Amino acid sequence: MIDRRSLVSLAAVAGLGLIGLNGCSGTAGDASGEAAVSAARGTLDPKNPTKITFYSYSLSSSSAEGTMNDIINSFNDTVGAEKGVVVEGVAEEATGALTKTTSDIQAGNQVNVIQHNFISLDTSRINLGIQAYEDIFGTEAMDEAFKGIDEGAKQLGVIDDKTYGMAFTFSTPVLYANATLFRQAGLDPAADIPTTWDDMYTVCKTIKDATGLYPLHIGTSMTSIWVMESIIRSNGGAILNDDRTEAVFASDEGVEAIEMWKRLYEEGLCAPMTDTEAMNLFTSGQLGMQLYTTALYSLYQAAAASAGWELTGGGEPGFGGEPAVPTNSGSCLAVRASTDTEAAACWEFIKYATSAESYTKITEGIGYLPLRADIVDDPTYLKAFADENPLIRTNLAQLKNIKPSTIWPGDSATELSQIFVDAIAQAVTTDADVRETLEAAQEQINGMIG
């Protein structure tokens, strides 16, 4: 039996978190933006361990807490004990809004490593003292520690050519499918999983006509902002221009992509419900497909086994025969260190948290991407798991086309991202004209950026 509370918690963790970071202050670097500390100068002593804090929203999720605690405890028992570092986990709220992180920084409390969303990373760089990896760890140390991590993933937390967050837990959109409903509709789940949005329309019509059930769900709230971005980008559109000074999502390509989505919604092929409601419907076996995060994979497998239906799926559909352009969900690791020794301690933990061992735990325990692709074929790590869970390989295959989720510029990430989400939701789910709605939102955002 699937616990509803687990569904709610996991929904919050799986999507990009909401943001509540305005008017905050407190930095760990100097006024010029250069870090005042260096991990290379830090001295760690096993006889006098250095304590650092790790603020993690996964520690507030019933579905991810065990995995995150395992990583923290394993580090403390091995590398931490050897080097002289003790990591204290601090539970941030499961939405990823960073409320406790922000208030603790404002109060002058020790906040070192943060499981941070991507949307508001620039806001935290400006207001919360998030430091650039290159400044405190150095490029040579980064190159060595992150060797083998997907190159696209390394770019996800980059602002102005510097890394303010290293990719940690994330997914690209995958298409979950109920193979049992496919067969009931006369479809072959091995051959008929949609690979294009034209295919999606045909398959959805078939499922709806045959079963009367909703064929598909795509979220229209903040937790699905990264899926919205990916749909636009897969049709050749973009959210911001290259230097992040102007919103451009109301282009012809962006409008066409959202009009496709609106057609599915208007014809009753997209379920008009929240992400959590759709998750509950899918776990009960009453929803055909859901475009969402692999963080739900283990949960959906257990639900399918319990409810007596078969789970399958595929990659995100593309437009016009072109492959999809996936956008990432999830989190990165951001850093605040006030001394050289704190910086050195943070570096030891970050290296461990992004190691083959930790990514294996994250993939097996939660379902997120293993960012070191070679461990998927390594029997020491994920080969057996990946062989039994083919959607993991599908998700990895999409990384070659990934575009980073939008890091909204300046200290108004909350407002800018919400305007975008609200416009997409209005354009899809109401009678509003798609082009007019997107253009109005784009103009409002550009006025704020300017």
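Taking the condition assigned to a loop (DSSP other than H, G, I, E, B), hydrophobic (A, V, I, L, M, F, W, C) and closer than 30 Å to Leu311 by Cα, does Leu396 pass? For Leu396, the condition - assigned to a loop (DSSP other than H, G, I, E, B), hydrophobic (A, V, I, L, M, F, W, C) and closer than 30 Å to Leu311 by Cα - is not met. Taking the range 155-213 as the range and being more than 29 Å from Ser331 (Cα to Cα) and among the basic types (Lys, Arg) as the test, the residues that pass are Arg183, Lys205, Lys208. Only residues that are more than 28 Å from Ile159 (Cα to Cα) and buried (at least 20 other Cβ atoms within 10 Å of the Cβ) were counted in the range 390-409, giving 2.
Limited to the range 420-450, what total is found for residues that are of a type in the set (Gly, Ala, Ser), assigned to a helix (DSSP H, G or I) and touching a helix residue (DSSP H, G or I) at 6+ places or on another chain (Cβ under 8 Å)?
Of all residues in the range 420-450, those of a type in the set (Gly, Ala, Ser) come to 423, 425, 427, 432, 440-441, 447, 450.
Okay, now just the ones that are also assigned to a helix (DSSP H, G or I), so 423, 425, 427, 440-441, 447.
The next check asks that each one be touching a helix residue (DSSP H, G or I) at 6+ places or on another chain (Cβ under 8 Å); those that pass are 423, 427, 440-441.
Selection size over the range 420-450: 4.
Scanning the range 374-389 for residues that are buried (at least 18 other Cβ atoms within 10 Å of the Cβ) and in contact (Cβ under 8 Å) with a residue 40 or more places away in the chain yields one hit, Asn389.
Among the residues of the range 369-385, those identified as modelled with pLDDT of 90 or more and part of a helix (DSSP H, G or I) are Asp374, Ile375, Val376, Asp377, Lys383, Ala384, Phe385.
Could you check, for the range 210-221, whether at least one of its residues is of a type in the set (S, T, N, Q), crowded, with 22+ Cβ neighbours inside 10 Å and within 23 Å of Ser405 (Cβ to Cβ)?
Kept after step one, since they are of a type in the set (S, T, N, Q), are these residues of the range 210-221: 211, 220-221.
In the following step, the residues that additionally are crowded, with 22+ Cβ neighbours inside 10 Å were identified as 220.
Add one more test, that the residue is within 23 Å of Ser405 (Cβ to Cβ), and what stays is 220.
Checked against the condition, which is being of a type in the set (S, T, N, Q), crowded, with 22+ Cβ neighbours inside 10 Å and within 23 Å of Ser405 (Cβ to Cβ), the range 210-221 yields at least one hit.
Screening Trp261 against (1) within 25 Å of Ala295 (Cβ to Cβ); (2) touching a strand residue (DSSP E or B) at 6+ places or on another chain (Cβ under 7 Å) leaves a single unmet condition, (2). Only one of the numbered conditions (1) modelled with pLDDT under 95; (2) farther than 16 Å from Arg336 by Cα; (3) of a type in the set (S, T, N, Q) is violated by Asn117, and that is (2).
Can you name every residue in the range 164-203 that is closer than 30 Å to Val113 by Cβ and either without any contact (Cβ under 8 Å) to a residue 60 or more places away in the chain or not aromatic (Phe, Trp, Tyr) (or both)?
So the first thing to find is which residues in the range 164-203 are closer than 30 Å to Val113 by Cβ, and the list is 164-174.
Of everything in the range 164-203, those that are closer than 30 Å to Val113 by Cβ and either without any contact (Cβ under 8 Å) to a residue 60 or more places away in the chain or not aromatic (Phe, Trp, Tyr) (or both) turn out to be Gly165, Met166, Ala167, Thr169, Ser171, Thr172, Pro173, Val174.
Can you tell me which residue within the range 36-67, out of those that are among the aliphatic types (A, V, I, L, M) and touching a Gly at 6+ places or on another chain (Cβ under 7 Å), is surrounded by the fewest Cβ atoms within 10 Å (Cβ to Cβ)? For the range 36-67, the residue satisfying everything is Ala40.
Look at the range 121-139: where a residue is in contact (Cβ under 8 Å) with a residue 12 or more places away in the chain and a partner is crowded, with 22+ Cβ neighbours inside 10 Å and among the basic types (Lys, Arg), sitting 6+ places away or on another chain with Cβ atoms under 6 Å, you get Gly129/Arg336. Output yes when any residue across the range 339-347 is touching a strand residue (DSSP E or B) at 6+ places or on another chain (Cβ under 6 Å) and either more than 26 Å from Thr102 (Cβ to Cβ) or of a type in the set (A, V, I, L, M) (or both), and no when none is. Yes, there is a match, as at least one residue in the range 339-347 is touching a strand residue (DSSP E or B) at 6+ places or on another chain (Cβ under 6 Å) and either more than 26 Å from Thr102 (Cβ to Cβ) or of a type in the set (A, V, I, L, M) (or both). Scoring Thr274 on the criteria (1) modelled with pLDDT of 95 or more; (2) more than 29 Å from Ile449 (Cβ to Cβ) leaves a single failure, condition (1).
Taking the range 161-278 as the region of interest, the strands (runs of 3 or more DSSP E) fully inside it that hold 2 or more residues being hydrophobic (A, V, I, L, M, F, W, C) are 166-169, 174-178. Residues that are of a type outside the set (Lys, Arg) and either surrounded by 15 or more Cβ atoms within 10 Å (Cβ to Cβ) or modelled with pLDDT of 95 or more (or both) within the range 149-160 comprise Ile149, Asp150, Gly152, Ala153, Leu156, Gly157, Val158, Ile159, listed in sequence order. Yes or no: the range 242-260 includes at least one residue that is touching a Pro at 6+ places or on another chain (Cβ under 6 Å) and surrounded by fewer than 18 Cβ atoms within 10 Å (Cβ to Cβ). Yes - at least one qualifying residue is present in the range 242-260. The set of residues from the range 147-160 being outside any strand (DSSP E or B) and over 20 Å from Ser56 (Cβ atoms) comprises Lys147, Gly148, Asp150, Glu151, Gly152, Lys154, Gln155, Asp160.
Of everything listed in (1) assigned to a helix (DSSP H, G or I); (2) surrounded by fewer than 18 Cβ atoms within 10 Å (Cβ to Cβ); (3) not aliphatic (A, V, I, L, M), the single unmet condition for Gln110 is (1).
The values are calculated or read from the model by the stated rules, or taken from the named source; none is laboratory data. All figures in this text were calculated on a predicted structure; none of them were measured in a lab. Methodologically, a virtual Cβ is constructed for each residue, glycine included, from the backbone with ideal geometry; neighbour enumeration extends over all protein chains shown.
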